[in-house]
1. Looking at (1) touching a helix residue (DSSP H, G or I) at 6+ places or on another chain (Cβ under 8 Å); (2) at pLDDT below 95; (3) within 19 Å of Val5 (Cβ to Cβ); (4) among the acidic types (Asp, Glu), which is the only condition Glu169 fails?
2. Being surrounded by 15 or more Cβ atoms within 10 Å (Cβ to Cβ), in contact with a helix residue (DSSP H, G or I) (Cβ under 7 Å, 6 or more places away or on another chain) and over 25 Å from Thr148 (Cβ atoms): is that true of Lys224 here?
3. Do you know which residues across region 45-79 are farther than 23 Å from His464 by Cα and not aromatic (Phe, Trp, Tyr)?
4. Among the residues of region 412-431, what is the count of those that are closer than 14 Å to Glu467 by Cα and not β-branched (Val, Ile, Thr)?
5. Would you check if there is a residue in region 231-240 being over 28 Å from Ile383 (Cβ atoms), in contact with a Phe, Trp or Tyr (Cβ under 8 Å, 6 or more places away or on another chain) and touching a residue at least 24 places away in the same chain (Cβ under 8 Å)?
Amino acid sequence: MDQNVKYIFVTGGVSSSLGKGIISSSLAKLLQARGFSVTIQKLDPYINIDPGTLNPYEHGECYVTDDGAETDLDLGHYERFSNTPTSQANNVTTGRIYQNVINKERRGEYLGTTVQVIPHITDEIKRSVRLLGQTGKYDFVITEIGGTVGDIESFPFVETVRQMKWELENRCVVIHLTLVPYLRAAGELKSKPTQHSVKKLLEQGVQPDIIVCRTEKPLYEGIKHKIAQFCNIRPSSVIESLDAETIYDVPLMMLEEKLDVEVLKKTNTPIPEKVDLDNWKRFLNNLKNPKYEVNIGLVGKYIELKDAYKSINEAFVHGGAMNQTKVNIRRIQSENITADNARELLKGLDGILVAPGFGNRGIEGKIEAIRYARENKIPFLGICLGMQCAVIEFSRNVLHLKGAHSTEMDPDTPYPVIDIMENQKKIKNLGGTMRLGAYNCKLNRESKSYAAYGKEMIRERHRHRYEFNNAYRDAFEKNGVRLAGINPEEDLVEIIEIKDHPWFIGVQFHPEYRSTVKQPHPLFVHFVKAALEHKGKK
Ligand code: GLN
């Protein structure tokens, strides 16, 4: 079943945030470029079943897959780099592992045995990893283990790696990512934290095969040898990962450092000579040599936190490169925007994006930003809550429906232009119960959205409970709004456009999740284009 599949584990030591996700994604990209099929999985040691119930302040953006899994934002990197969709199986938390084991216990599947961390939890982790291999779709399964070795909660995961390494022999490779700090006062790079972190892994019975060293200065030969010697590996298996100008440089840096070759050698895989990265290099070239520049305002309430809108930022990188344009994103706290200061706060922008979100905080500011974009004909993209706010703004200021609102914010509004979906009304649990994942949308051929996508039927990912209230469709259409996209199965409004505006689009779905280096999202490409045109007119 999976006897030819190779399993790569990526663990982290010394510190969190070293970029395991980017290293895993870059390795996947390189293996793909050599002709292999690859998937990447993230094992998260926390107890939440999924990050869907986590506040962005806790965990950054929640990324949504086609099959409606609410996942860690690293899966976004996996898709953006590899252009391969991920699924529920690609993100597994401790919570889900325990839930599966406890459900089996309740069903009596353990036949009277005592259920324990070893072997039952570790077996369940193993099953989750091999499940991907057993699909028959991949030559390599890369599994990133969240957290840092030595954390209490990652023990069962590291123990699983130990067992799998033993069982799979040379079909299993462990890559350990560490930090090699530069001490300015001493003028030296320091290898000791790496040695300690490898010792931690060894205490748990795992010998890493490859050590990737994150560093702000190039590693000199001496330090590579030292790390190799203390950590029982060859110097060629010590890989330098220098701080990069952009995350999209990392695959080429890893190619240079031969990370892919090391992995292929260690798994006894013949090394194909051709590495097809032409597309990637073209993208990088556009990214690094922009001809134009635009300023886009990102209006949201989590602006202090860069990771909260990760996929939106990256979609602008892809859409910008496609237009040979550098997109400067100005993050604007929606709570601060009022009717009086909107002009001041939003001046100089060539486009305004109102972000997704939940709850009342900052809503009125989002509505004011939209009014400003609509009245001043500034290109506008509203995503999910951003689209809903555009509907509220239009209702209040054009249709003169005073007090129009979403029933999420004001359950007693006289004009519930955004309302809870019928099948959401009876739901009590918050985890995993929204309208999630990919749904069809049929585009109006006259629309700007159709011009961007170039086709009539699209599929986009969702994460919401509220929806455009169909009772107001007529009023909108009669007053200059085009209902540009409709979900045919349930007759839900998915896209609104204002006809008498250069580019004003609100989408109920999340286009940002589907933007990749290989396929930049058409709405972002066209939004940047509209921003460029707006700038040209100024
Ligand atoms: N809070 C809104 C809803 O649930 C929008 C959600 C979002 O922006 N992802 O419908």
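1. Answer for Glu169: the failing condition is (1).
2. On the way: surrounded by 15 or more Cβ atoms within 10 Å (Cβ to Cβ): yes; in contact with a helix residue (DSSP H, G or I) (Cβ under 7 Å, 6 or more places away or on another chain): yes; over 25 Å from Thr148 (Cβ atoms): no.
In short, no.
3. Here is the first cut: in region 45-79, the residues farther than 23 Å from His464 by Cα are 45-47, 78.
Across region 45-79, the qualifying residues are Pro45, Ile47.
4. Quick first cut of region 412-431, residues closer than 14 Å to Glu467 by Cα only: 415-425.
Now narrow it down to the ones that are not β-branched (Val, Ile, Thr): 415-416, 419, 421-425.
Number of matching residues: 8.
5. No, region 231-240 has no match at all.
For every residue, the table says whether it meets (1) under 25 Å from Glu393 (Cβ atoms); (2) out of contact with any His (no Cβ under 9 Å at 6 or more places or on another chain); (3) of a type in the set (S, T, N, Q).
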residue: Lys428; (1), (2), (3): no, yes, no
residue: Lys455; (1), (2), (3): no, yes, no
residue: Tyr472; (1), (2), (3): yes, yes, no
residue: Glu477; (1), (2), (3): yes, yes, no
residue: Glu494; (1), (2), (3): yes, no, no
residue: Asp500; (1), (2), (3): yes, yes, no
residue: Phe509; (1), (2), (3): yes, no, no
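Okay, residues lined up against (1) part of a helix (DSSP H, G or I); (2) within 16 Å of the ligand (Cβ to nearest atom):
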{"site": "Ala452", "(1), (2)": "yes, no"}
{"site": "Ile458", "(1), (2)": "no, no"}
{"site": "His462", "(1), (2)": "no, yes"}
{"site": "Leu483", "(1), (2)": "no, no"}
{"site": "Glu494", "(1), (2)": "no, yes"}
{"site": "Gly506", "(1), (2)": "no, yes"}
{"site": "Glu512", "(1), (2)": "yes, yes"}
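Residue-by-condition table, conditions (1) without any contact (Cβ under 8 Å) to a residue 60 or more places away in the chain; (2) in contact with a helix residue (DSSP H, G or I) (Cβ under 8 Å, 6 or more places away or on another chain); (3) surrounded by fewer than 24 Cβ atoms within 10 Å (Cβ to Cβ):
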{"position": "Ile40", "(1), (2), (3)": "no, yes, no"}
{"position": "Ile49", "(1), (2), (3)": "no, yes, yes"}
{"position": "Gly52", "(1), (2), (3)": "no, no, yes"}
{"position": "Tyr63", "(1), (2), (3)": "no, yes, no"}
{"position": "Thr71", "(1), (2), (3)": "yes, yes, no"}
{"position": "Arg80", "(1), (2), (3)": "no, yes, no"}
{"position": "Thr84", "(1), (2), (3)": "yes, yes, yes"}
{"position": "Asn90", "(1), (2), (3)": "yes, yes, no"}
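The values are calculated or read from the model by the stated rules, or taken from the named source; none is laboratory data. Note that this is a predicted model, so its numbers are computed, not measured. With ideal geometry, Cβ positions are generated from the backbone for all residues, glycine too; neighbour counts draw on all protein chains shown.
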